[in-house]
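Encoded as structure tokens, the structure appears first; notes follow it.
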Amino acid sequence: MAATELETLYYDRAADGVVLLTLNRPDRGNGVVPQMAADLLAALTDLERDTGVRCLVITGAGRQFSAGADLKAMRSYLDEVFPVTHEPYNARVLFPVTQRLVASRLPVIAAINGGATAGGLDLALACDIRICSTAAKLGETYINLGLPPGNGGSWFLPRLVGSGLAAELALTGDVIDAGRALDIGLVNRVVEPAELLPAAIELGARIAAKPWRALEATKHALRSTWQVDLATSMSNSYWAVSALHNGPDLAEGVDAFLERRRPRFSRD
């Protein structure tokens, strides 16, 4: 895959089956504007159609992952419209990005290279796995602008860190460092800045090497179980396992284990 560049981001093959997508507005802290949201949706659509892509890594150019909404652009938006009669800034294009990341067939890793606040943190929370640099700072900072969490944070945070810590983060708007984020389960792993992308890409490659049908089924099972009771989750799992039980990947996985070799899963 040749590098693909959109107005506010670019993406390229980083390893076999792994694509690295980089938010590219470093002069504005990778702040989200409507064009970036539109570019993200376009990129996700393109990558989901590419059967050679099995895992996606998202990071930010420069010193920040994403500062959330670009407040300069938001200020201009508020000056142009009467807020009471107009929808919130960026909502129509940004909300579908969160929904798309959750529903995507692709496992998604956030490689948090620096600041991730407000909508930038919510973007990372919508990913399946989060690895962050020791330089990262994370905060659900909407309250400091007079807003509640606006792009899924109020849904993701309690599920990741528990209701009490989610309330503390959202109600104070405090920004925490990478170590604290790891301690409370907000991120999976913390590495030195130079190790961030290699670590994220290596993890992505290990995931991408797994059988793709099982990857899709596993991501769907993990995400859907947040919304159903145990009995429904077990029923869904039964049918997912049944659908793959007689396929080639299970037989190959069993054979490889018994023969003490690496499995050679189907690539189609």
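Any read-out appearing in this document is the output of simple, stated calculations on the displayed coordinates, not a laboratory observation. Computed from a prediction, not measured in an experiment: that's the story for all the values here. Neighbour counts run over all protein chains shown; Cβ positions are idealised from the backbone, glycine included.
What the table shows:
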{"quantity": "Residues of region 185-224 with amide N under 20 Å of a point placed 7 Å along Cα→Cβ from A3", "calculated": "194-202"}
{"quantity": "Relative contact order, percent, the chain [alpha-carbon distance under 8 Å, six or more residues apart]", "calculated": "16 percent"}
{"quantity": "Sorted by Cβ neighbour density within 10 Å, fewest at the top, the residues E80, E216", "calculated": "E80, E216"}
{"quantity": "Expected 222 nm ellipticity per residue - DSSP helices of 4 or more, -39500 (n - 2.57), all of the chain, to 500", "calculated": "-14500 deg cm²/dmol"}
{"quantity": "About the Cα centre, charge dipole magnitude for the chain (Lys/Arg +1, Asp/Glu -1 at Cβ), debye", "calculated": "480 debye"}
{"quantity": "Extended-chain gain in nm, criterion 0.36 nm per residue less alpha-carbon gap, T45 and Q227", "calculated": "63.1 nm"}
{"quantity": "Within straight-line cross-link reach of K210, lysines at Cα separation under 30 Å, skipping those fewer than 8 residues along the same chain", "calculated": "K219"}
{"quantity": "Exposure proxy ranking, count of Cβ atoms within 10 Å, fewest first, for L123, L56", "calculated": "L56, L123"}
{"quantity": "Ascending count of other beta-carbon atoms within 10 Å, so fewest first, for C55, C127", "calculated": "C127, C55"}
{"quantity": "Cα-derived Rg over Rh, computed across region 35-171 with Rh taken as Kirkwood radius", "calculated": "0.97"}
{"quantity": "Amide N proximity, region 1-44 versus E80 label position 7 Å along Cα-to-Cβ, cut-off under 13 Å", "calculated": "33-35"}
{"quantity": "Estimated translational D of the chain in µm²/s (Stokes, Kirkwood radius over Cα pairs; 20 °C; 1.002 mPa s)", "calculated": "110 µm²/s"}
